[in-house]
Amino acid sequence: MQTHMQRHRFSTAFGDCAVAWDQRGLLSFSLAGSDLPEPAETLPPSWLTALIEAVQRHLSGEFQTFADAPYVFSTVTDFERRVYVAALAIVPGVTRSYGELATTLGLPAGSARAVAAALGANPWPLLVPCHRIVGADGGMTGFSGPGGIRTKTRLLALEGALLLSE
């Protein structure tokens, strides 16, 4: 099947973000600070316009969940899909550790690193809320999105999560 990826850049309270999609659904999401495409002349489909508006509301403090977005999970491994689906169940303002997420998935002890690696490859940061996954001690650990831990902390603070300082 021939697919034609399209991208759209849009403004949010956090800066410009972008989405990529094709006829199957949502391929990726890019947070502000990423290498974003130039604004497109074509308008996104209505399902994507609704998602963009939800992102804008979320980043303005009106929290949304994105579990129903049409993610193209065929672009990730089965393990990554399982991790992302589990992460989608974590609501704004709540954090879980990588180990807790591994336990939720029924994975053996010591699987936290595998969960962290999957989240590090997340093509939908913010939407699949990898920023809500923290270290076992509640501390901020890696974030593959632009701005790294600073962006992760900023998103969690926006959502009202309890943050530990050093």
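The order of Thr151, Thr141, going from fewest to most other C-beta atoms within 10 Å of their C-beta, is Thr141, Thr151. Report the local net charge at Glu100: Lys and Arg +1, Asp and Glu -1, summed over other residues whose C-beta lies under 15 Å from its C-beta. In short, +3. Using a simple spin-label model with pseudo-atoms 7 Å out from Cα toward Cβ, Gln64 and Arg154 lie 1.9 nm apart. Note on the chain: antiparallel DSSP beta bridges, both residues inside, total approximately 70 percent of the bridges counted.
Residue ranges 100-106, 112-118 sort as 112-118, 100-106 when ordered by packing (mean number of other C-beta atoms within 10 Å per residue, highest first). Label zone (Thr104, point 7 Å along Cα-to-C-beta; backbone nitrogen cut-off 15 Å) within the range 68-92: 68, 80-92.
Near Leu26, the amide H atoms lying under 5 Å from its own belong to Tyr71, Val72; only residues 5 or more places off or on other chains count, and H is placed 1.01 Å from N. Based on Cα contacts under 8 Å between residues 6+ apart, the chain shows a relative contact order of 20 percent. Couplings 3J(HN,Hα) of the range 12-24, computed from phi: 9, 5, 8, x, 5, 10, 8, 10, 10, 8, 9, 5, 7 Hz, in residue order, whole Hz [Karplus 6.51 cos²θ - 1.76 cosθ + 1.60, θ = phi - 60°; x for Gly and Pro].
A short reminder: the numbers here are calculations on the coordinates, not readings from a lab. On a predicted model such as this, the values are computed, not experimentally measured, just so you know. Note that we place each Cβ from the backbone using ideal geometry, even for glycine, and neighbour counts take in every protein chain shown.
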